[in-house]
1. Hey, which of these cross-link pairs are over 26 Å Cα-Cα: Lys74/Lys149; Lys47/Lys98; Lys149/Lys234; Lys212/Lys242; Lys225/Lys314; Lys270/Lys427?
2. For Leu377, which sequence-distant residues (separation of 5 or more, or a different chain) have an amide H within less than 5 Å of its own amide H, given hydrogens modelled in the peptide plane?
3. Long-range amide H contacts for Ile428: which residues qualify at under 5 Å (H placed 1.01 Å from N, peptide plane, sequence gap of 5 or more or a different chain)?
4. Considering only C-alpha atoms, what is the centroid distance from the range 318-364 to the range 227-265, in Å?
5. I'd like the Karplus ³J(HN,Hα) series for the range 63-68: coefficients 6.51, -1.76, 1.60, θ = phi - 60°, whole numbers in Hz, and an x wherever there's a Gly or Pro.
6. Straight distance only, please: which lysines reach the Cα of Lys54 with their own Cα at less than 21 Å, same-chain residues fewer than 8 apart left out?
7. Expressed as a rounded percentage, what relative contact order does the range 258-349 have, with Cα pairs under 8 Å and six or more residues apart?
8. Convert each backbone phi in the range 410-417 into a coupling constant with the Karplus relation 6.51 cos²θ - 1.76 cosθ + 1.60 (shift: θ = phi - 60°), then list the ³J(HN,Hα) values in order as whole Hz, x for Gly and Pro.
Amino acid sequence: MRVHYLWLLLILGHVASARYSSANDWTVDHPQTLFAWEGACIRIPCKYKTPLPKARLDNILLFQNYEFDKATKKFTGTVLYNATKTEKDPESELYLSKQGRVTFLGNRIDNCTLKIHPIRANDSGNLGLRMTAGTERWMEPIHLNVSEKPFQPYIQMPSEIRESQSVTLTCGLNFSCFGYDILLKWFLEDSEITSITSSVTSITSSVTSSIKNVYTESKLTFQPKWTDHGKSVKCQVQHSSKVLSECTVHLDVKYTPKLEIKVNPTEVEKNNSVTMTCRVNSSNPKLRTVAVSWFKDGRPLEDQELEQEQQMSKLILHSVTKDMRGKYRCQASNDIGPGESEEVELTVHYAPEPSRVHIYPSPAEEGQSVELICESLASPSATNYTWYHNRKPIPGDTQEKLRIPKVSPWHAGNYSCLAENRLGHGKIDQEAKLDVHYAPKAVTTVIQSFTPILEGDSV
């Protein structure tokens, strides 16, 4: 049986053909076509209105393969259901609600709902619902489409799916019948999707049975990853833990380009060369252009030697300097937007640069603690320091910091340092002067006179 999609059910079942009335027309509403399969059931939601507002239903019959006999002016065919109101109580409901496979779920006023259980494949076609109310009569055709095997559900997808953006897929089946419960379950690459599955926002199921539509549906809301592109999503129809049918679609997830960056080598000595490779591993849709942009510490790189190839770009740095150290990344764009690689750090090794000394505090008072710091940029960091006081080496102190616990006047003078790492030693840039303040020492009294002093002289 060809699968009928949900939009077909939006058409109300108010068929004009094959209807007969002794007076004014009746109004009967129900789904145009109802779907089921062998062994299941069909519930036919139905509403009616007689030509006379106060009329009550006297008789109801359900025909299969009915025909109208012009000679006898009667309908013939297999009768599946036949019920009449009781004579004892004219106001009562129809006295018989179930006959064989058919159950009448309506009333004498406005409801003509029916249920057939079990349904058979040869029930396909038009059923005839014959209703009488006094002198008013009506025959309503109801179309059934019953397959031998359960039919497939359908999956509705949005026109575009993007990575990390919430999307809702709808699985629907043009079937719903109380007493024959079905479940719609979701699978991603044969793994069942549940409400606690990663990236899934919600799974909601609903059953609709109205005079307009009869269907069951489940909505899956999730945020797909770019790695979900091309994966299969399956909706499975189950009844009593048995798989009845299923439908499979493949995800077309749009995502920005995915890039991979490599640096060879990541650590290099000054004046050597470095090659960086940026490869576009995946992109949906394809790249706008083959050009790949390069960035260093977040800023575009310009005037650099590049080798552009399909899906790949090479950045070549000749005679690297310490200014070339930093974090590099590459970027490419498609119609979704720009995609960026991870950042990789380039380390440039070089000998210590000319050093300078910082003194805290300066000037210092006698007895204070004084700290001297040797500043010299180096990669790797300097491991040995030589300190000088008035250009004479200070033995025993090889650290970056030189500490004088209690400074004395003889500590005053000019200080310098020399830094060293495995690539060599640096130079002395400038000296720093330590000025030590202290109170007067060794005070003496001196009499100044150029002639002998006599009694009475002024001294």
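The values are calculated or read from the model by the stated rules, or taken from the named source; none is laboratory data. Keep in mind that what you see is a predicted model, and the values were worked out from it rather than measured. Heads up, the Cβs are rebuilt from the backbone with ideal geometry, glycines too, and the neighbour counts pull from every protein chain shown. Ligands, DNA and RNA are stripped out before the accessible areas are found, and what is left, the full protein with its side chains, is counted by its heavy atoms. Shrake-Rupley method; radii C 1.70, N 1.55, O 1.52, S 1.80 Å.
1. Check vs 26 Å cut-off fails for Lys74/Lys149; Lys212/Lys242; Lys225/Lys314.
2. Amide H neighbours of Leu377, under 5 Å, 5+ apart: Glu353.
3. Ser355
4. Answer, in whole Å: 40.
5. So the J values, rounded to whole Hz, are 9, 10, 6, 7, 9, 9.
6. Lys85, Lys88
7. Worked out over the range 258-349, it gives 39 percent.
8. 6, 6, 4, x, 9, 10, 8, 9
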